[in-house]
Each structure stands twice: as C-alpha cells, then as structure tokens.
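To keep things clear, I will list the structure first and then write my remarks on it.
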Amino acid sequence: MIHAVIEQWHAHMRGELKDGLDILLDDNCVFFSPIVFTPQVGKEITKMYLMAAGQTLPGENKNSGETKDDSKKFRYTKEVLDGYTAVLEFETSIEGKYANGVDIITCNEQGKIVEFRVMMRPLQAINAVHRQMGEALERMK
C-alpha cells in the first residue's frame, strides 16, 4: 500500500498532483515536527505545516521549470518502504547550512497518510528552518 502513496507523494512534490495534500492526507492525520513539541492533529494543520515547509526548503521553481543550485535543492536520497510505512531520507541547504533528515510517512488501508513525522539535523539547520517556517506560517494566517 505504501508504494502507491509514495508515488503520489513524489507527484505532489513535483507539482503534478492537483490538490495533492487533500488527496493524500487522512482527516485525522498527525504531524510530528522537529520544531514543535506537541503533535499537530488533523488534516488542515498538517497541510499548513507541509505547505510552510514547501515555502521554506529550497526546491524546484515550478513556474519556470528551472531548479535552484542542485547542491542546495531539497531532494530525497534514500527510500525504505515496507507495509504501511516509508522512510524517505532527504538533504538540502538552508541559509548556506547543510541539512539532512527523514520523513517517516505512515498510511492506512485506504491509502491515506495518517502520520507524517519529520526528523532533521544539524541544530543550526533546524534553527534556520524554525525561524523561516514561523515566518511562512504567519504569512498564511
């Protein structure tokens, strides 16, 4: 089941899945952030955090088709998929600081993401993401 979900996740990340988060996330999805102590419960709050992360982490310029410097671009480097769980390792650069981490994604039998957990290192990168995501979340309000 997780293989189909991750295929859709990658399509969403490439901007190829219209309303991707609405399609992918279960209404009771739980988001675990490396920045916020308490789990964030529900589709809407999970969407908000994932959209803020999308604005914070460097990636493709979807409008022009061009990419930012590949050494700084968010990219998945490894995947481990089994049953209803996927671990996707990523790396990027934030404010000139190398960062890597994992997205741990769990789905249910209906193919909806029920848990999205992000772990990241090093601390300097987390601090930069914390500041930038805070600004992105404020703009969304």
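Looking at the range 100-141, the GluC sites (Glu not before Pro) that sit in a DSSP loop and have at most 15 other Cβ atoms within 10 Å of their own Cβ are GLU109. 3J(HN,Hα) along the range 17-33: 10, 4, 6, x, 5, 5, 6, 7, 8, 6, 4, 9, 4, 10, 10, 10, 9 Hz, from the Karplus curve 6.51 cos²θ - 1.76 cosθ + 1.60 with θ = phi - 60°, whole Hz, x for Gly and Pro. The phi torsions of the range 78-90, fed into the Karplus equation with coefficients 6.51, -1.76 and 1.60 and a -60° offset, translate into couplings of 8, 9, 10, 10, 7, x, 10, 10, 10, 10, 10, 7, 10 Hz, rounded to whole numbers, with Gly and Pro shown as x.
Residues whose amide H comes within less than 5 Å of that of ARG75, counting only those at least five positions distant or on another chain, are GLU91 (H built at 1.01 Å from N in the peptide plane).
Once the piece of chain linking LYS78 and GLU95 is laid out straight, how much longer is it, given 0.36 nm per residue of separation minus the C-alpha distance between them?
Using 0.36 nm per residue and subtracting the Cα-Cα distance, I get 3.8 nm.
Ranked for footprinting exposure by Cβ neighbours inside 10 Å, fewest first, GLU79, GLU7 give GLU7, GLU79. With R₀ set to 35 Å, the beta-carbon distance separating ALA11 from THR38 gives a calculated FRET efficiency near 0.70. The distance between label points at LEU137 and ASP19 comes to 2.7 nm (points 7 Å beyond Cα on the Cα→Cβ vector). Of the trypsin sites (Lys or Arg not before Pro) found in the range 1-50, those that fall in a DSSP loop while having at most 12 other beta-carbon atoms within 10 Å are ARG14, LYS18.
Scaling the Cα radius of gyration of the chain by the globular reference 2.2 N^0.38 Å produces a ratio of 1.00.
P(r) tail, the range 95-141: Cα-Cα pairs separated by more than 18 Å, 49% of all pairs.
We did not get these values from a lab; they are worked out from the coordinates using the rules stated. Note that the structure is predicted; figures quoted are calculated from it, not measured. Here Cβ is always computed from backbone atoms with ideal geometry, including for glycine, and neighbour counts include all displayed protein chains.
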